[in-house]
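Step one of this worksheet: look at the structure below.
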Amino acid sequence: MARIVMKFGGTSMAGIERIRHVANLVKREAEARNQVAVVVSAMAGETDRLVQLCREAASLYDPREYDVVVASGEQVTSGLLAITLQGMGVNARSYMGWQLPIRTSGHAAALIEGIDAAVLERVFSEGGIAVIPGFQGVTEAGDVTTLGRGGSDTTAVAVAAAMKADRCDIYTDVDGVYTTDPRIVPRARKLDQVSYEEMLELASLGAKVLNTRSVELAMARKVPVRVLSSFVQPEEIKPGWTEGRGTLVCEEDEVVEQRIVSGVAYSRDEAKITLLGLPYKPGVPAGVFRRLAEANVNVDMIVQSRARTSDSVNMEFTVPKRDAQRTLELMQANQAEIGFEEVRRDDEVAKISVVGVGMRSHAGVAETMFAALADKGVTIQVISTSEIKISVLIDAAYTELAVRALHAAYGLEQV
Ligand code: ADP
Ligand code: ASP
Ligand code: MG
């Protein structure tokens, strides 16, 4: 007997037929005498639809009411899955975030503070299955909250940690974590294992197969996470059918395959801000970033350069696209005080990153990246690195070309 969390994403829950299929997968685990908590997403497209309705209702909506609206998608699918399981003779019931409770703080991108496992323990002791809506929680005051887009993965890992699950299985529409988004590179290769650290970088750099916070939490609480596909033929669903499938996200020293680069990620979610003609003296960058910090704008990549013959510098940095207009206005409003000559904004940029723990001990990874991009005529605008990743900012029009070129340059393709 094992304790497992099974999480099903939006495409897996899209409609009664799919939900029935999911119910079969759940039933199979229950028949194997496992203690199961199921975490579900809203049907594919539903959360987008609900967010859009909020926007139409008022351009400046209250985050509390936004949460009331968008949390409803998961309420529907959890109820439908419980009904379907009951119809198959399985002892299942849904438990909303407030019923467990999943205690959170804040609205719209709420943080999980804790999950009480008492209800789950009772359900398991009675031989039942708990179906839990992902993405939602409750505040101290009893208000419904949501965890930010893609947050059902985080619910799943948090529930797994709370109930001390043996594993957390994330069922989605691909059969694991790939060397890059298989939608862009059909020859991308599935990884059998990936370390928490690499997965964390890949997720935060754009690989949306797992939500970043869910990986952070899995790493902190040492929850073994497995990513696998719910799209299997009914005849494949036999006892133990998941053995060896998907991708296991685990500790680095458990990863058997040695590789320098594990994956390539891309993101079009950032915009570039350029400040031209900044005074070259102490305190100037601090003045720029203090204003951004006060406005709660998260800066990612930064580069500053000084022309040989001048006493001024140019600075470029990236911010989330949704904050780009605000940042531009903030800089314009402070132009005289900061003392730059001109500010520009460019939304047509993409960040391409290569990730791999092998970079720690191998030279030449950056060279391979820059040479591969040069070979395709792609100009690098900004570079940033960490111990296990290198990111470059390029013209968004070259995103797919660059991802494919890098994927090939590091020999990541299927053979
Ligand atoms: P779900 O609705 O199940 O949560 P998501 O759409 O959030 O599913 O995540 C799955 C998608 O992530 C895949 O369809 C795939 O296109 C995308 N993806 C991006 N990068 C990767 C990667 N490196 N490996 C696998 N899938 C990836
Ligand atoms: N339904 C939510 C979203 O689309 C949460 C999730 O599916 O993870 O963002
Ligand atoms: Mg997702």
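Look at Lys351 and say whether it is among the basic types (Lys, Arg), modelled with pLDDT of 95 or more and open to solvent by less than 50 Å² (accessible area, probe 1.4 Å). Explain how you work it out, then say what you get.
On the way: among the basic types (Lys, Arg): yes; modelled with pLDDT of 95 or more: yes; open to solvent by less than 50 Å² (accessible area, probe 1.4 Å): yes.
When the stated conditions are applied, Lys351 passes them.
Being touching a strand residue (DSSP E or B) at 6+ places or on another chain (Cβ under 9 Å), of a type in the set (Ser, Thr, Tyr), more than 16 Å from ligand 3 (Cβ to nearest atom) and at negative phi holds for only one residue in Ser195, Ser230, Ser214, and it is Ser195. Of all the listed residues (Glu257, Glu270), the sole one being touching a residue at least 12 places away in the same chain (Cβ under 8 Å), touching a Ser or Thr at 6+ places or on another chain (Cβ under 9 Å), open to solvent by 10 Å² or more (accessible area, probe 1.4 Å) and more than 16 Å from ligand 2 (Cβ to nearest atom) is Glu270.
If you go through the stretch 17-40, how many residues are of a type in the set (Asp, Glu) and either out of contact with any strand residue (DSSP E or B) (no Cβ under 6 Å at 6 or more places or on another chain) or free of Cβ contacts under 8 Å to residues at least 12 places away in the same chain (or both)?
Residues flagged as of a type in the set (Asp, Glu) and either out of contact with any strand residue (DSSP E or B) (no Cβ under 6 Å at 6 or more places or on another chain) or free of Cβ contacts under 8 Å to residues at least 12 places away in the same chain (or both) within the stretch 17-40 amount to 2.
Yes or no: Asp153 within 16 Å of ligand 1 (Cβ to nearest atom), among the acidic types (Asp, Glu) and either out of contact with any Leu (no Cβ under 8 Å at 6 or more places or on another chain) or at negative phi (or both)? Considered against the rule, which asks whether it is within 16 Å of ligand 1 (Cβ to nearest atom), among the acidic types (Asp, Glu) and either out of contact with any Leu (no Cβ under 8 Å at 6 or more places or on another chain) or at negative phi (or both), Asp153 comes out as yes. The residue list Ser214, Ser230 contains one member that is closer than 18 Å to Asp153 by Cβ, touching a helix residue (DSSP H, G or I) at 6+ places or on another chain (Cβ under 8 Å) and within 9 Å of ligand 1 (Cβ to nearest atom), which is Ser230.
Results for (1) surrounded by 15 or more Cβ atoms within 10 Å (Cβ to Cβ); (2) within 24 Å of Ala162 (Cβ to Cβ); (3) within 16 Å of ligand 3 (Cβ to nearest atom), shown as yes or no for each residue.
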| position | (1), (2), (3) |
| --- | --- |
| Arg3 | yes, yes, no |
| Met6 | yes, yes, yes |
| Val26 | yes, yes, no |
| Glu46 | yes, no, yes |
| Ser59 | no, no, no |
| Val70 | yes, yes, yes |
| Thr77 | yes, yes, yes |
| Val90 | yes, yes, no |
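Filtered by the rule that a residue be part of a strand (DSSP E or B) and among the basic types (Lys, Arg), the stretch 261-313 gives Lys272, Arg306. Output the residues belonging to the stretch 354-382 that are open to solvent by 40 Å² or more (accessible area, probe 1.4 Å), modelled with pLDDT of 95 or more and within 26 Å of the chain's Cα centre (by Cα). Result: Ile380, Gln381.
Would you be able to tell me the number of residues in the stretch 145-168 that are touching an Asp or Glu at 6+ places or on another chain (Cβ under 8 Å), assigned to a helix (DSSP H, G or I) and surrounded by fewer than 24 Cβ atoms within 10 Å (Cβ to Cβ)?
Of the residues in that region, 1 qualify.
Against the test of being more than 30 Å from Val249 (Cβ to Cβ) and under 25 Å from the mean Cα position of the chain (by Cα), the options Asn314, Asn296, Asn334 yield a single qualifying residue, Asn296.
Of the helices (runs of 4 or more DSSP H) lying entirely inside the stretch 1-100, those carrying at least 1 residues that are away from ligand 2 (no atom under 16 Å from the Cβ) and over 27 Å from Arg226 (Cα atoms) are 46-57, 63-70, 72-87.
The values are calculated or read from the model by the stated rules, or taken from the named source; none is laboratory data. A quick note: this is a predicted structure, and the numbers were derived from the prediction, not measured. Note: ideal-geometry Cβ built from the backbone for every residue, glycine included; neighbour counts use all protein chains shown. Heads up: the accessible areas ignore ligands, DNA and RNA and are worked out on the full protein's heavy atoms, side chains in. Shrake-Rupley method; radii C 1.70, N 1.55, O 1.52, S 1.80 Å.
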